[in-house]
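As structure tokens, the structure follows; a few thoughts come after it.
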């Protein structure tokens, strides 16, 4: 590179960094947003950019590097002008995503996980990107592409080779459908923007909180904690200076879940109105929507909805003319970290840090964002609040079951005729959902994603409810042709990849569990390996710091319980066998030396 070209490149880099810093006010708590913005301009984060950002924010370079290294969508080295990431969830794996990824790599003459020699493109896999109802899918430079097949893969390879900008690619590549298959009180709701808010302002925040309590609304993120109780704790906690905060957790990272994507696409007003109602109830003045990086394509749409609501006086100062009712919402983008779905890790990320779960207590409701009382609620939970505000808590409480009131959105994918989003009253059986989606010959259902439970046919009478079979919303269907060991192995690989590394049991245990299942897959399994897997499962469940490590063993434990034959088929040896086969590893050396006599082999291991 000539000196002039180097000077121009440095100038462009400095301008990109300065623009990112200016856009976010040079605020160190917005470090993640600054890094995302700079990378959008630069394609990656060169050392000079990291140094410049650290100096401008008054942070150590190590602190900034630590954040860059934590999030999988931030890059400390070039990943090419085109970065293609195929979704690696089990449903899309069954749909042929690995073969499509190999096809693209072959056509582009590159290896998976590596950058092409000309620096143009890289192809790799990533975790579920929330498109299980219309896969195989991928991200290209962070933008979602759905409905992949061989024809579309071939077209993409030509577009990349010809260096056609993403803006000029066929629009149908980027189509994302809602695929709403069954509607109930939420997906059928037609409340006008501000309608529920006007009613709530008229009765006051305390009365609104009482209605939410009467409704017995519980968090739809999976844990099922009482929404009213969370709001009460936050409302009563002393706020020191900065005031209280409402956070919408839109980091929908659980494999097989995509119902929040639909709500953000077609019911954004419900979500933002729910956040504003929460602010009225707890006395908050600041709100954040934490949007997962995989849903970056929704950001402009959501910003437009926020702008319209501000113009209609549904956000900002003196909302609807109510003195002192000041509340506004910022959108913060994630960058590819499943762990940020955990509320304290999400708050750490909001503060511009690595998304490491906090030690609790204290809890976010008393010491959350920047130490202020903070209520973190799921997208679906908040979308239901306007309905309660408009129709009353008693009406809502009559739907569903006594302990699980209202309805639940289910993201249904896998071996069924009609994948998509289904809204059922709580209490619906798994069998009823399978019938509704056109599933046939089902041998297993994964409810709640990788962290959930794997159910066999004798359990299909169980009901979707917090008191029976709770779920954040994922329901993946597997027919009789599927290998349930492969299902569990996919989930275990997911947990090993997504571990934040904070605690040793999870950091090491998930990797060991992954290696154990890989060993079985490679034909080196023995009964002793099952004993080791059970021991690892106990360690993960009892000693991990947060729910990720505690749930990492669930797919394997359920596999032992319901699909033991899939594991027993891989017990090819009576005695213990090491995972590494030295004799097989030397096969290439024997080929090169032309030797294949008995002396060039190690003695066979006994089975």
Check your understanding: Just checking, how many residues over the range 563-607 are under 20 Å from residue 447 (Cβ atoms) and part of a helix (DSSP H, G or I)?
Key -> 2
Review point. Name the residues in the range 473-492 that are in contact (Cβ under 8 Å) with a residue 40 or more places away in the chain, buried (at least 19 other Cβ atoms within 10 Å of the Cβ) and outside any loop (DSSP other than H, G, I, E, B), would you?
Key: 474, 475, 476, 477, 478, 484, 485, 487, 488, 490, 491, 492
Practice item. List the number of the failed condition for residue 515; all other conditions in (1) surrounded by fewer than 16 Cβ atoms within 10 Å (Cβ to Cβ); (2) in contact with a strand residue (DSSP E or B) (Cβ under 6 Å, 6 or more places away or on another chain); (3) within 17 Å of residue 540 (Cβ to Cβ) hold. Key: (2)
Check your understanding: When you look at residue 76, is it within 30 Å of residue 162 (Cβ to Cβ), at pLDDT 95 or above, in the same structural domain as residue 129 (by TED's automatic domain parsing) and touching a helix residue (DSSP H, G or I) at 6+ places or on another chain (Cβ under 7 Å), yes or no?
Key -> no
Study note, to complete from the structure: Of the residues in the range 104-157, those that are crowded, with 19+ Cβ neighbours inside 10 Å and at positive phi come to 130, 142
Exercise for review: Go through the residues of the range 175-192 one by one and say whether even a single one is in contact with a strand residue (DSSP E or B) (Cβ under 7 Å, 6 or more places away or on another chain) and on the phi > 0 side of the Ramachandran plot.
Suggested key: yes
Review point. Which helices (runs of 4 or more DSSP H) does the range 326-411 wholly contain that include 1 or more residues that are more than 28 Å from residue 295 (Cα to Cα), assigned by TED's automatic domain parsing to the domain that holds residue 191 and in contact (Cβ under 8 Å) with a residue 40 or more places away in the chain?
Key: 379-391, 393-397
Point to revise | Members of the range 144-165 that are in contact with a helix residue (DSSP H, G or I) (Cβ under 9 Å, 6 or more places away or on another chain) and touching a residue at least 40 places away in the same chain (Cβ under 8 Å) | key: 144, 148, 149, 150, 153, 154, 156, 157, 160, 161
Check your understanding: Among the residues of the range 96-103, is there at least one that is modelled with pLDDT of 95 or more, over 23 Å from residue 497 (Cα atoms) and not assigned by TED's automatic domain parsing to the domain that holds residue 292?
Key -> yes
Practice item. Restricting attention to the range 496-506, report how many residues are closer than 18 Å to residue 353 by Cβ and free of Cβ contacts under 8 Å to residues at least 12 places away in the same chain. Key: 1
Practice item. For residue 519, work out the one condition from (1) outside the structural domain of residue 534 (by TED's automatic domain parsing); (2) outside any strand (DSSP E or B) it doesn't fulfil. Key: (1)
Review point. In the range 525-562, how many are more than 21 Å from residue 340 (Cα to Cα), touching a helix residue (DSSP H, G or I) at 6+ places or on another chain (Cβ under 8 Å) and outside any helix (DSSP H, G or I)?
Key: 1
Review point. Any idea which of (1) modelled with pLDDT under 95; (2) more than 15 Å from the chain's Cα centre (by Cα) is the one residue 309 doesn't satisfy?
Key: (1)
Review point. What residue, of 192, 125, 200, is in the same structural domain as residue 256 (by TED's automatic domain parsing) and either within 27 Å of residue 474 (Cα to Cα) or part of a loop (DSSP other than H, G, I, E, B) (or both)?
Key: 192
**Study point:** Identity of the residue in the range 405-450, surrounded by fewer than 22 Cβ atoms within 10 Å (Cβ to Cβ) and on the phi > 0 side of the Ramachandran plot, that ends up farthest from the chain's Cα centre (by Cα)
**Key:** 441
Exercise for review: Take the range 205-241 and flag every residue that is part of a loop (DSSP other than H, G, I, E, B) and within 29 Å of residue 550 (Cβ to Cβ).
Suggested key: 216, 217, 219, 220, 221, 222, 223, 224, 225, 237
Review point. Looking at 293, 318, 283, which is the one that is surrounded by fewer than 20 Cβ atoms within 10 Å (Cβ to Cβ) and over 25 Å from residue 217 (Cβ atoms)?
Key: 318
Practice item. State whether one or more residues within the range 49-65 are under 25 Å from the mean Cα position of the chain (by Cα), buried (at least 22 other Cβ atoms within 10 Å of the Cβ) and not assigned by TED's automatic domain parsing to the domain that holds residue 156. Key: yes
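The values are calculated or read from the model by the stated rules, or taken from the named source; none is laboratory data. In this text the structure is predicted, and so the values were computed from the model without any measurement. As a convention, Cβ positions derive from the backbone with ideal geometry for all residues, glycine included, and neighbour counts pool all protein chains shown.
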